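Undergrad: Okay, handing you the structure first.
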Amino acid sequence: MICESYPHTTPEAISSSLRTVAVSATLPNIIDVADFLCANEAYAFDGSFRPVPLTKHVTGCGFLGKNEFQFWSHLNDQVPEIINRFSAGKQTLIFCHTKSETERLCATLISNKLGNKHPVNTTAPPGTVDHCLSYGVAFHHAGILPSDKNR
C-alpha cells in the first residue's frame with residue numbers, strides 16, 4: 001500500500017508508532033483530509049457529544065448599505081441586538097473573518113455596553129487585550145502577543 005499523497009511512504013512507515021491526529025471544529029470535508037493523511041479511520045462528531053449544549057440561530061439582517069462592502073462594514077452594528085435577543089444574559093462566542101474585524105467587533109460590543117458597564121482597568125490603551133478585558137470582552141486571534149494569550 002503506497003499513500004498517493006506521499007508516494008515514497010512505505011507500509012512500514014505508515015504502520016509505525018507515529019500517530020497523526022488532526023482536529024478541527026469546522027471541517028466539512030473530513031473524508032478528503034483523512035484520505036490526504038492516509039488515515040485508516042476518521043471520526044466526525046455531531047452536537048450530541050458536546051459537554052455544553054450549543055444553540056444555533058440563523059438570522060437574516062436584510063439589506064445593509066448600497067453594496068457588498070457596506071453590507072460587511074455594517075454587519076457589526078447588528079451583533080449587539082442579536083446577542084441581546086439570543087444570549088439570555090449568558091456568555092457568547094462570536095467568530096469573525098479577520099483579525100481586524102475581531103478587534104472592531106470588540107470595540108462595537110464595548111460601545112454598546114455588552115460587557116462590564118464600568119471598566120476595571122482604565123489605564124489600558126484602547127483596542128488592546130487589557131482594555132477589552134477591563135470591559136469584560138475578550139478577543140483572540142493569531143496576531144495577539146504571546147503574553148496576551150495567557151490572560
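Undergrad: From the residues in the range 25-40 that are at pLDDT 75 or above and not in a helix (DSSP H, G or I), which one is surrounded by the most Cβ atoms within 10 Å (Cβ to Cβ)?
TA: 39
Residue-by-condition table, conditions (1) modelled with pLDDT under 85; (2) of a type in the set (Lys, Arg):
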site	(1), (2)
108	no, no
128	no, no
148	yes, no
151	yes, yes
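Undergrad: Let me ask another. Go through (1) surrounded by fewer than 10 Cβ atoms within 10 Å (Cβ to Cβ); (2) modelled with pLDDT under 80; (3) over 16 Å from the mean Cα position of the chain (by Cα) and name the single condition residue 22 misses.
TA: Result: residue 22 fails condition (1) only.
Undergrad: Related question: Please verify whether residue 44 is modelled with pLDDT of 75 or more, closer than 29 Å to residue 110 by Cα and within 24 Å of the chain's Cα centre (by Cα), treating the condition exactly as stated.
TA: no
Undergrad: So which helices (runs of 4 or more DSSP H) are wholly in the range 41-151 and hold at least 2 residues that are open to solvent by 60 Å² or more (accessible area, probe 1.4 Å) and out of contact with any Asp or Glu (no Cβ under 7 Å at 6 or more places or on another chain)?
TA: Result: 68-74, 79-86, 99-111, 146-149.
Undergrad: Check the range 48-67 and report whether any residue there is closer than 23 Å to residue 140 by Cβ and of a type in the set (Gly, Ala, Ser).
TA: No.
Undergrad: Would a scan of the range 74-82 turn up a residue that is modelled with pLDDT under 85 and over 19 Å from residue 55 (Cβ atoms)?
TA: Yes: one or more hits.
Undergrad: Is it the case that residue 124 is under 16 Å from residue 138 (Cβ atoms), within 18 Å of the chain's Cα centre (by Cα) and not basic (Lys, Arg)?
TA: no
The values are calculated or read from the model by the stated rules, or taken from the named source; none is laboratory data. The shown structure was predicted, so the numbers you read here are calculated from the model rather than taken from an experiment. With ideal geometry, Cβ positions are generated from the backbone for all residues, glycine too; neighbour counts draw on all protein chains shown. Only protein heavy atoms, including side chains, enter the accessible area calculation; ligands, DNA and RNA are left aside. Shrake-Rupley method; radii C 1.70, N 1.55, O 1.52, S 1.80 Å.
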